[in-house]
Every structure is written in structure tokens, then in C-alpha cells.
């Protein structure tokens, strides 16, 4: 009865949401299913194309540098232009990026893909975030963001294990074993993203309280009105970029090369992470909509810290499954993103994301190089120990004490 009731509540929730919100679910679900075919193999694939560890780090740094340059211009575009067209440009570039992986002849093709990637992230993902945030009521905004991610993660749960068996049957962790997955992802994205763009209705800019007086003044307006809380949140976001960008390019390489994870374990890692995410997302997002965004975010953070600890201490590849389950718990709530976007009025959200990401991207330029140096050292476990210390001892205390709650107080 409980399951049937939950399914009915879920259907009722989706039925009362906008058409464009449901289209964002289609984009996220299809995109996650296809991403999980290849995501755990991307660094391994790049290495097989001739890149070494520091080249992989350098590629990520170049991508972050471009992200820094374009963040504010794209944020301005997001607040001032039809978001359907902005998203359409991002969808097209995302397909082109995956195509570079699919047909890559050496690592320089991946360099082109990494140049394209920040444009995709800025145009597609930010417009998606604004569309979703603006069309959800505050009382169930965290739930709405969470439902989209839950559906995406459930669909993403389907693909890693078949992908692992396909890789194994095609030759293992080699170019020949991994490349066909990129062909599948490339064709799948053309089909799904074309459907989403055709069905998406126009999303015109939100009415602004003040008339635009120029590019620089528009961003100054956001910071002036937001005050200290936005400046603190920029610092919190930049520290988060340091934590994740340090490990991003090397997490699965570490699992394979240091802990001995084979194709099946590499396929199971995102699977157990997704299972944990799906199990914990609903209660955590309900807490975010009732007890507070900060409360829900901080409640699951220790699980993420345990992920870092277990990855360092895991005596064999099977303990990595426990670590990735804990990672799924730590990532299960949409509370942080909800709070982040609620810190400014609806008409400022594109510019706010552009401002914050400019500083985060600046940190992301150096973070992969730091990660590469630690991974290539005699103490590769530092790759996880340093981000753990930054997150637990610096970032989260700043967030806890200086970032305000955004959930309106209930009367």
C-alpha cells in the first residue's frame, strides 16, 4: 500500500507541474542513461588514446579556464533571452562533444571535446536550472528538483551493468572495448535531444525589477542587492569546486589502477551510488522543504566524508562498492542547489550562476593539476585526503555559520 500510495503521489505531483518541467525530466533522464554508459570510462578512454595523467589534468584545466571566460556572458544571456533557444544551443554542442569522443583518433580530439564542454555546461545546464527553479513553487521546490534527479538516476541505474558486460565482451578496458559505447551515446543523444527541443515551449525572460543599464551594472546589481550572503556563497562554491575538481578526472582511474577494480566493479560503482541516491532522495528533499535547505544538506554530508575515507582505506575493490553507496547518500538531496538558486530573485538567477561559476571555474583551473600531481606521487591517497580536509574543516563550517536559510518560515 505504501508503494502504491507513493506512486500515486508521484503521478499527482508530475501532473500538476508544467510541460517544460516534464521536458527537463526527459532531458535529464535520457541524458543520465546515456552518460552512465561511458562516464566511468572517460579517463581510461582518454589515457588509451595516448594521454598521461598530467595531460588528463591539463585537459580539465583548459576546460575550466574557458568556463571562467564565458560564465558571466552566458549568465547575462540566460537572464535576457529565450531559454528554449539558449538550451537548444547547449543541446547541439553536447551532441558535438560526445561525437568528438566517439570518433577520436588520439587524445587531441578529447582536447576539442573539453573545449566544447564548458559551453555545453553553461548553455544547457544553467538554462535547465533556471527553467526548473522558476516553474516550481517554493513549498515543493527541493522536492521538484529531487524528483527530476530521482527519475534521471533510476534511468541511469539501467545502463552501467550492461555497459560493463559490453566492454568486457568487446576487449576490456581498451579503445576497442570502450569506443562502441560512445557510438551508442552519440546516436541516442541526437534522438532524445531533438525530441526535447521540438517539444519545449518558449521560455521568455522574467520581468525585471530594474531596467538593464549595461553588462557590468547588471552584475553589480546582483551583488549589491545580495550583500554579504552572496559573497560568502561564492567562497563556498569555489571551495566545492576545489574539492570535486581535484578528484574528478582521477576517481575511476584510482579505482582501477590503485584498488584493482575490474570492468564489472567499475560498472557497479555508479549503480550502487544511484541506488543509494534513489533510496534517500525523497526523505532528504522532504526535509529540505519542511525543516530547511541547510538542515537536509548538512545531515547527509558525513556520508560523503566517509566516502573519501573508505576510498583511501579500502583493502580491495569490493570495499569501493560501500564507498560509492555512501557517496550516493551524500549526494541524495537537492537542498544545496535549491538554496543556491533561491538566494536571488528569479530574474537574477542566470547572472548569479554566471558570477558564482566565474570564481569556481578559476579554482577549477588549478585543481585538476593539483590532483594529477598527487595521483602521480608516492602517496596517491592524498588525492582524496586533501579534498576531505578542505570540505570538512573549511567549506562546511563556513556554510553552516555564514550562509542563511532560504526556506520561508512557516506560519
Handout entry: Verdict on residue 359 being surrounded by fewer than 18 Cβ atoms within 10 Å (Cβ to Cβ), touching a residue at least 60 places away in the same chain (Cβ under 8 Å), in a helix (DSSP H, G or I) and under 20 Å from the mean Cα position of the chain (by Cα)
Key = yes
Practice task
Could you check residue 104 against (1) assigned to a helix (DSSP H, G or I); (2) buried (at least 21 other Cβ atoms within 10 Å of the Cβ) and say which number it fails?
Solution key: (1)
Exercise for the section: Residue by residue through the stretch 396-411, note down the ones that are assigned to a loop (DSSP other than H, G, I, E, B) and surrounded by 14 or more Cβ atoms within 10 Å (Cβ to Cβ). Expected result: 403, 406, 407
Practice task
Assess whether residue 121 counts as being on the phi < 0 side of the Ramachandran plot, in a helix (DSSP H, G or I) and over 14 Å from the mean Cα position of the chain (by Cα).
Solution key: no
Problem - Some residue of the stretch 338-355 being farther than 20 Å from residue 135 by Cβ, within 19 Å of the chain's Cα centre (by Cα) and assigned to a helix (DSSP H, G or I) - result: yes
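How many residues are free of Cβ contacts under 8 Å to residues at least 60 places away in the same chain and surrounded by fewer than 19 Cβ atoms within 10 Å (Cβ to Cβ) if we restrict to the stretch 300-318? Can you show your working first?
Step one: of the stretch 300-318, the residues free of Cβ contacts under 8 Å to residues at least 60 places away in the same chain are 300, 302-303, 306-307, 310, 313-316, 318.
If we keep only those that are surrounded by fewer than 19 Cβ atoms within 10 Å (Cβ to Cβ) too, we end up with 302-303, 306, 313, 315-316, 318.
Total satisfying the criteria: 7.
Tell me which residues, restricted to the stretch 268-291, are within 30 Å of residue 47 (Cβ to Cβ) and under 19 Å from the mean Cα position of the chain (by Cα).
Residues of the stretch 268-291 that are within 30 Å of residue 47 (Cβ to Cβ), as a first pass: 268-277.
Correct list: 269, 270, 271, 272, 273, 274, 275, 276, 277.
Please specify each residue of the stretch 161-202 satisfying the condition of being part of a loop (DSSP other than H, G, I, E, B) and surrounded by fewer than 20 Cβ atoms within 10 Å (Cβ to Cβ).
Step one: list which residues in the stretch 161-202 are part of a loop (DSSP other than H, G, I, E, B), which gives 171-174, 200-202.
Residues satisfying the conditions are 171, 172, 173, 174, 201, 202.
With the structure loaded, tell me whether residue 144 is more than 26 Å from residue 204 (Cβ to Cβ), touching a residue at least 60 places away in the same chain (Cβ under 8 Å) and not in a loop (DSSP other than H, G, I, E, B) or whether it fails that test. Spell out the reasoning first.
Details: more than 26 Å from residue 204 (Cβ to Cβ): no; touching a residue at least 60 places away in the same chain (Cβ under 8 Å): yes; not in a loop (DSSP other than H, G, I, E, B): yes.
For residue 144, the condition - more than 26 Å from residue 204 (Cβ to Cβ), touching a residue at least 60 places away in the same chain (Cβ under 8 Å) and not in a loop (DSSP other than H, G, I, E, B) - is not met.
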Exercise for the section: Scan (1) crowded, with 23+ Cβ neighbours inside 10 Å; (2) farther than 23 Å from residue 193 by Cβ; (3) modelled with pLDDT under 90 for the single condition residue 75 breaks and write down its number. Expected result: (2)
Exercise for the section: Only residues that are surrounded by fewer than 20 Cβ atoms within 10 Å (Cβ to Cβ), under 23 Å from the mean Cα position of the chain (by Cα) and more than 16 Å from residue 309 (Cα to Cα): list them for the stretch 371-395, please. Expected result: 394
Exercise for the section: Could you give me the residue pairs with C-beta distances under 6 Å whose first residue belongs to the stretch 365-392 and is outside any helix (DSSP H, G or I), whose second residue is surrounded by fewer than 21 Cβ atoms within 10 Å (Cβ to Cβ) and at pLDDT 95 or above wherever it lies, and which are 6+ apart or on separate chains? Expected result: 381/312
Problem - Tally, over the stretch 36-52, of residues that are under 15 Å from the mean Cα position of the chain (by Cα) and surrounded by fewer than 21 Cβ atoms within 10 Å (Cβ to Cβ) - result: 1
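The values are calculated or read from the model by the stated rules, or taken from the named source; none is laboratory data. Only a predicted model underlies this, so the values are computations on that prediction, with no experimental measurement involved. Don't worry about glycine lacking a Cβ; one is built from the backbone with ideal geometry, like all the others, and counts go over all protein chains shown.
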